[in-house]
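The next block holds one structure in the form of structure tokens; read it before the comments.
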Amino acid sequence: MQNRVISKKDLAGFVDDLIKTKAAGEVIGIKAKDDKFNFGTLKNAAELRLDYDIALLPPKKYFFPQIETVLKYEFGATPKVEPVVDDKAMCLVGVHPFDIRGILLFDAVYGGANPDANLLMKRRNSTIIGVDCLTPNPKSFAASMGTAVTDEGFDLMLTDIGGDYFVTVGTTKGDSLIKKAKTRDATPADQEKRDKVRKDTLKKYQVTLKMKADEIPALLDANWESKVFNDKAATCFSCGSCVMVCPTCVCFDVQDDPALNLKGGERYRRWDGCMLTEFAKVASGENFREHKEQRFRHRMYRKGKYLLERYKYLGCVGCGRCAIACLAQIASPAETFNLIKEGK
Amino acid sequence: MKPRVAFFDFTGCEGCQLEVLNFNLEIVDLIGAVDIVEFREASSDHSDEYDIAFIEGSQTTDRDVERIQKIRERAKILVALGACSCTGGVNALKNRFSMEENLKVVYGDSAKLYTTIPTRPTSAYVKVDAFIHGCPPNRNEVIRLVKCLLTGKKFELYHDPVCVECKLAENICAFERGEFCLGPVTRGGCNAVCVTGGRKCWGCRAPVDEPNVNSEKELLARYGLTVDDMLMQLKIFNGALEVSK
Amino acid sequence: MVMQLSAKQSLHLPRIAELIRVEALSDREKVFEFKFDDGKELGQMPGQFVEISIFGVGEAPISVTSSPTHKGSFELAVRATGSVTNKLHTLDKGAKVGIRGPFGNGFPIQTLKGKDILFVAGGIGLFPLRSLINYVLDNRKDFGEVNTLFGCRSPQERLFIGQLAEWNSCKDMCFLETVDRCADDSWSGNVGVITTLFPKVSFDPAKTYAIVVGPPIMYRFVIAECLKKGLADDHIIMSLERRMKCGVGKCGHCQINGLYCCQEGPVFTYAQVKSLKEAV
Ligand SMILES: Cc1cc2nc3c(=O)[nH]c(=O)nc-3n(C[C@H](O)[C@H](O)[C@H](O)COP(=O)(O)OP(=O)(O)OC[C@H]3O[C@@H](n4cnc5c(N)ncnc54)[C@H](O)[C@@H]3O)c2cc1C
Ligand code: SF4
Ligand code: SF4
Ligand code: SF4
Ligand code: SF4
Ligand code: SF4
Ligand code: FES
């Protein structure tokens with residue numbers, strides 16, 4: 001497939017067309033929220049802020065909503081039960097490479113042996129237009145995790161190469177969409193510009209891992225007893241902010257909500273996370289991760305080892321959201337891994 | 001048969017009563033799932049039996065105590081509704097915090113200001129089956145409790161801190177706006193309404209089971225805030241506290 | 001990515017089953033027999049579990065206590081502890097529930113074939129184990145010597161009393177029972193914790209697999225006893241409990257280190273458990 005170059009003005013036209021024609025479904029994009037950024041439904045291309053550092057919540061919320069109804073039922077002699085799967089088409093514009101890596105982890109977790117219709121059907125009907133992150137958040141360490149750039153998981157990937165955007169075409173779906181826009185074929189010189197921009201941004205990441213990302217599992221293997229976990233967890237609020245904002249946190253709770261008329265009800269799932277006190281507690285009162293140190297350590301192992309071993313994708317894409325969100329300033333996996341590495 | 005529900009009013013603040021009035025109407029209008037047999041009118045305590053008795057406000061006089069004991073005898077399920085009844089208001093909220101020895105540090109000398117308030121939570125006098133925290137209490141929780149009763153599900157206190165729902169609501173953290181917030185140590189279940197509404201959480205729903213109080217103190221200090229700043233905010237939602245100062 | 005999915009394949013969608021028999025086992029435990037409305041079999045292996053739904057209340061993971069050799073229906077034995085389990089206890093014959101599953105790995109039948117077996121059940125650990133014991137008895141020629149030890153706290157807490165009597169008089173296996181304590185003379189059998197039964201059985205550790213299910217505290221003592229008798233780590237098999245929400249490896253609640261108890265478990269060998277720091 002032919003990569004392309006599009007001017008900023010024509011990109012705006014392309015996005016406005018997507019909104020107008022709904023060719024790829026509802027258009028969702030990165031927008032300003034006060035002095036921060038967040039994904040939301042786009043009214044027009046002018047709202048789009050491709051120069052953002054990080055979105056408050058990762059775009060996973062469109063495939064794995066905070067609260068999602070999965071069943072509706074009617075009571076009665078024989079209950080009537082219907083699955084609920086919202087699979088409307090969506091086009092996400094402005095997704096950063098590390099957030100795309102997060103979505104790929106979700107595909108692995110929610111696909112696989114027991115495919116989850118709720119997530120996968122939304123994914124199937126989605127289009128992803130990524131954008132390379134040229135202004136990383138000071139807490140981000142995606143460069144160290146190898147997720148600052150991605151060559152999979154998008155239909156189109158935009159890179160700001162000065163006046164224009166370089167458009168890397170990832171899929172035939174992306175190809176047929178961009179063909180409708182006013183673009184020109186990318187030349188080898190354009191491609192060189194793109195590659196240079198990408199290389200330069202890697203240097204803008206202020207937090208770095210003091211090891212290669214693929215050394216983390218072995219490091220954790222050797223340091224189960226590390227006191228870093230205890231030191232860090234001492235100030236943990238068990239507030240769950242770190243797992244709520246994380247693009248690779250996949251866990252959920254399931255609850256029933258009967259209607260007050262007692263004619264029926266619904267069952268929904270809601271984001272849940274291992275940093276919360278009740279996550280591993282059973283009815284007998286036993287809590288399998290009772291202490292905040294245990295929960296803190298578990299999360300670090302999830303991020304650095306368990307998910308990788310299970311799904312071949314690292315459980316942390318280095319976006320830095322947890323570090324931004326954590327009021328105790330302890331949640332960044334990079335920091336914990338570095339401290340362990342340094343033998344602190 | 002529909003469950004018989006009664007609301008009883010003790011010493012509380014206006015806001016709470018207004019909210020309760022709202023959700024009474026909601027229950028009557030929308031559901032018809034329950035029979036409201038008593039509504040706040042204290043004098044008409046006849047010898048009824050209630051499936052659920054909601055108690056608003058805290059008990060401050062001997063007569064109050066007698067009355068709450070009578071209600072308890074007739075109620076299958078007794079529910080403390082709102083901060084005043086659940087915790088005795090801010091006063092006891094603070095007391096509960098300070099059971100964690102650490103909190104003395106947070107409140108410092110100000111702590112003794114509050115020990116003079118005689119208000120005590122309903123649970124100090126009678127067995128309370130369920131608590132619906134908040135000032136004002138969240139009507140969704142009253143509805144959740146009624147649903148639990150109707151379906152036979154155990155009513156459990158929401159245990160996650162306010163931060164969880166605050167993140168789900170995609171708010172910008174109050175601390176990032178240079179303000180302080182008690183969300184990390186406060187029991188959620190309110191959808192973080194105050195932060196979503198552009199303010200911050202001042203802890204009206206009582207602390208979580210294991211509040212990390214030292215950490216909250218460090219946090220305040222890091223943002224250049226003192227415990228007095230926090231107490232100033234606490235006053236806003238509780239008139240009783242103001243009187244005591 | 002799987003492309004042919006439809007909503008009907010929702011992981012959350014249960015099949016409707018009818019409660020056809022309820023029987024009290026003790027004050028807190030009842031056994032429930034279910035039949036699917038569509039007439040199909042559950043198709044479980046011993047040691048697997050289901051997620052039972054009571055609509056409007058929720059779901060809970062429960063082991064299947066009947067053996068797959070029993071056709072046409074299946075049984076769940078349940079202790080009333082919380083919302084779902086208490087509500088279940090109020091249901092009568094004819095009530096409908098939702099069932100998802102069977103889930104989990106189940107006991108390693110293939111490994112056990114031709115081997116001697118030592119069953120050790122403590123309290124409601126008997127629920128999942130009963131499925132395998134009956135499976136072994138129904139396929140008796142496939143297995144070697146069978147010893148079964150069952151212990152509970154008091155005579156009042158004995159479960160499946162009719163079944164225990166059957167096992168007691170069964171020529172195909174050696175069955176021993178004990179109660180931790182007994183205040184009156186209602187019980188003439190063994191008194192003492194379950195490990196006090198060990199000297200009363202003899203087995204060849206090289207050929208024997210011990211299958212142990214009970215409360216966490218019991219594992220520690222029984223495993224020590226098994227090791228003392230010369231059983232290898234991977235000849236000791238146990239079933240672990242964790243909080244569960246989905247049963248299908250998604251919700252994350254059941255993790256034991258990097259493993260998901262609902263997927264790689266709930267049955268583990270002691271060799272595995274030893275390498276898992278969070279297991280016991
Ligand atoms: C693999 C497995 C097999 C089991 N087999 C049996 C059995 O045969 N008989 C029996 O009586 N009990 C069994 N249990 C325990 C049973 O699952 C819990 O007692 C039950 O979930 C409590 O649910 P509840 O809604 O009544 O309690 P609540 O306290 O209201 O629990 C709320 C929810 O939390 C989760 N949860 C709470 N406790 C547990 C727990 N112990 N294990 C897993 N999830 C939990 C469930 O999703 C539950 O619905 C088994 C547990 C597991 C993991
Ligand atoms: S653990 Fe933190 S840095 Fe890593 S992906 Fe999650 S939020 Fe981002
Ligand atoms: S880190 Fe915790 S919350 Fe996040 S996916 Fe892993 S277990 Fe779930
Ligand atoms: S690590 Fe930070 S964000 Fe995570 S639970 Fe602890 S205090 Fe909250
Ligand atoms: S605003 Fe308050 S409740 Fe929300 S995340 Fe920040 S500290 Fe937590
Ligand atoms: S955000 Fe805080 S103050 Fe506001 S209702 Fe919730 S608990 Fe109360
Ligand atoms: S029960 Fe949900 S992952 Fe195991």
Inset, instruction - Show the residues, 5+ positions off or on another chain, whose built amide H is closer than 5 Å to the amide H of C:Thr81. - result: C:Asn86
Legend entry - Cα-projected label distance for A:Ala189 with A:Gln2, points at 7 Å along beta-carbon direction, nm: 1.8 nm
Inset, instruction - Please tell me the relative contact order of the stretch A:213-341 in percent, rounded to the nearest whole number, where contacts are Cα pairs under 8 Å and at least six residues apart. - result: 31 percent
Legend entry - chain C, relative contact order in percent, only Cα pairs under 8 angstrom and at least six apart counted: 17 percent
Inset, instruction - Please work out the average accessible area per residue across chain C, using the 1.4 Å probe convention, and give it in Å². - result: 40 Å²
Legend entry - J(HN,Hα) series, the stretch A:15-29, from Karplus relation 6.51 cos²θ - 1.76 cosθ + 1.60, nearest Hz, glycine and proline x: 5, 4, 5, 4, 5, 5, 7, 6, 4, 10, x, 4, 9, 10, x
Legend entry - Accessible area in square angstrom per residue, chain A, 1.4 angstrom probe: 38 Å²
Legend entry - Carbon plus sulfur fraction of accessible area for the protein assembly as shown, probe 1.4 Å, in percent: 51 percent
Inset, instruction - Can you tell me the relative contact order of the stretch C:151-280? Whole percent, Cα pairs under 8 Å, sequence separation 6 or more. - result: 16 percent
Inset, instruction - Would you mind telling me which residue in A:Phe39, A:Phe166, A:Phe75 has the biggest mean-square fluctuation in a Gaussian network model of chain A, where springs connect alpha carbons within a distance under 10 angstrom? - result: A:Phe75
Legend entry - For the stretch B:209-222, Karplus couplings with θ = phi - 60° (6.51, -1.76, 1.60), whole Hz, Gly/Pro x: 4, 10, x, 8, 6, 4, 5, 5, 5, 4, 4, 4, 4, 4
Inset, instruction - Could you pull out the pairs from A:Lys36/C:Lys245; A:Lys212/A:Lys312; A:Lys61/C:Lys277; C:Lys71/C:Lys96; B:Lys2/C:Lys35; B:Lys153/C:Lys40 whose alpha carbons sit more than 28 Å apart here? - result: A:Lys36/C:Lys245; A:Lys61/C:Lys277; B:Lys2/C:Lys35; B:Lys153/C:Lys40
Legend entry - Charge dipole (debye, nearest 20) of the stretch C:13-103; +1 at Cβ of Lys and Arg, -1 at Cβ of Asp and Glu: 40 debye
Inset, instruction - Report, ordered by chain and residue number, the aspartates and glutamates lying within cross-link reach of C:Lys141, taken as a straight Cα distance under 13 Å and ignoring same-chain residues fewer than 8 apart. - result: C:Asp116, C:Asp172
Inset, instruction - Leaving ligands, DNA and RNA out of it, work out the accessible area of B:His159 with a 1.4 Å probe and give it in Å² to the nearest 10. - result: 60 Å²
Inset, instruction - Please list, in chain and number order, the residues 5+ apart from A:Cys251 or on another chain whose amide H is under 5 Å from its amide H, with Hs placed from the backbone. - result: A:Asp272
Legend entry - GNM top mover of A:Pro258, A:Pro58, A:Pro333 - chain A, alpha-carbon springs below 10 Å: A:Pro258
Inset, instruction - Among DSSP beta bridges lying fully in the protein assembly as shown, give the percent that are antiparallel, nearest 5. - result: 55 percent
Legend entry - At R0 = 35 Å, FRET efficiency that the Cβ-Cβ distance of C:Gln156 and C:Arg21 yields, to 0.05: 0.95
Legend entry - Stokes-Einstein translational diffusion, the stretch C:1-150 - Kirkwood Rh over all Cα pairs, 1.002 mPa s, 20 °C, in µm²/s: 131 µm²/s
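Is there a pair in C:Lys200/C:Lys229; A:Lys9/A:Lys204; A:Lys8/A:Lys182 whose C-alpha atoms are over 19 Å apart, and which pairs would that be?
Cα-Cα > 19 Å for A:Lys9/A:Lys204; rest within.
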Inset, instruction - Rounded to whole Hz and in sequence order, give me ³J(HN,Hα) for the stretch A:203-220 from the Karplus expression 6.51 cos²θ - 1.76 cosθ + 1.60, θ = phi - 60°, writing x for Gly and Pro. - result: 6, 7, 6, 8, 9, 10, 7, 8, 6, 6, 4, 7, 8, 4, x, 5, 4, 5
Inset, instruction - Go through A:Ile67, A:Asn261, A:Gly285 and say which Cα lies farthest out towards the positive end of the charge dipole of chain A; charges sit on Cβ, +1 for Lys and Arg, -1 for Asp and Glu. - result: A:Ile67
Inset, instruction - Tell me which residues come under 5 Å, amide H to amide H, from B:Gly203 once H is placed; ignore anything under 5 positions away on its chain. - result: B:Leu182
Inset, instruction - Order C:Lys250, A:Lys43, C:Lys40, most accessible first, counting only protein heavy atoms with a 1.4 angstrom probe. - result: A:Lys43, C:Lys40, C:Lys250
Legend entry - As computed over the stretch A:4-202, the Cα convex hull volume per residue (Å³): 146 Å³
Inset, instruction - Only Lys, Arg, Asp and Glu count, each charged at its Cβ (+1, +1, -1, -1), so figure out the dipole size of chain C about its Cα centre, rounded to 20 debye. - result: 540 debye
Legend entry - Virtual spin-label span in nm between A:Asp151 and C:Ser275, 7 Å along Cα→Cβ: 3.4 nm
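May I ask for the Kirkwood hydrodynamic radius of the protein assembly as shown, worked out over all distinct Cα pairs and given in angstroms to one decimal?
By the Kirkwood definition, the hydrodynamic radius is 30.0 Å.
Between chains A and C, what is the buried accessible area summed over both chains (1.4 Å probe, protein heavy atoms, nearest 100 Å²)?
Heavy-atom accessible area buried at this interface is about 4200 Å².
The values are calculated or read from the model by the stated rules, or taken from the named source; none is laboratory data. Just so you know, these numbers come straight off a predicted model, no measurement behind them. Cβ sites come from the backbone with ideal geometry, for glycine too, and all protein chains shown count toward neighbours. Keep in mind that these areas ignore ligands, DNA and RNA; they rest on the heavy atoms of the full protein, side chains included. Shrake-Rupley method; radii C 1.70, N 1.55, O 1.52, S 1.80 Å.
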